[in-house]
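Please treat every number below as a calculation from the coordinates, not as lab data. The structure displayed is predicted, hence computed values, not measured ones.
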Amino acid sequence: MPLTITPIPNAAPFAAFSDNVGIFSNSKAREIPARLNAVAQALKDHINTLWLSTATGFINGTVIAGLNAAIAKIETFSNGIETRINNQMAEFQVNLANYLGTNAGYSVSAANAALFTGGIVAGDIVYDVAGRAASIRQGPRLINGITYNDDGTMAGYAEKLTLGGITYTRAYSFTYTPDGQIATITEV
């Protein structure tokens, strides 16, 4: 929207000087009010025509045009981000529905089992000083806090899965049969 700068009016406080020169009728001073009025009017005309049009042109042509262009770019960027987010959410909903939906072959418990108790494939494994696995990273999943019993059997571990910036954590402990076989795995 263009900006309009109002011209200086011919009203208070910018009214013309009094033209009553009756008291100066016999002196050159009688010309002072007319000359002051002429100077003041010329100054107002100059400001109203040159300065105000220059200022208005600069503000409308440069400042406001630049602001409008910047706002248009921000709006385009914002719309692009919104579209990308909407597309990603739609894709996520379709994938989630396909993965967990009725007759999809996967249940929520099957998905949890696949995510949190799946087999470990090639990944980063860190060992402690005794040569036992201390942590294992596999993509977004980290198995850490692996503890061992005095006899060297695994006592428990924690699993962290980070998806979309949210970390899900589960911890497990083990019990063994007298012959050293795992009896139970308990989520703690």
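Things worth noting here:
- Between the stretch 28-95 and the stretch 139-188, the C-alpha centres lie 65 angstrom from each other.
- Remark: the GLU187-PHE92 segment gains 31.4 nm on full extension, using 0.36 nm per residue and subtracting the alpha carbon distance.
- Remark: the ALA40-GLN138 segment gains 26.9 nm on full extension, using 0.36 nm per residue and subtracting the alpha carbon distance.
- Residues of type lysines that LYS160 reaches as a straight line, Cα spacing below 23 Å, ignoring anything fewer than 8 places off in the same chain: none
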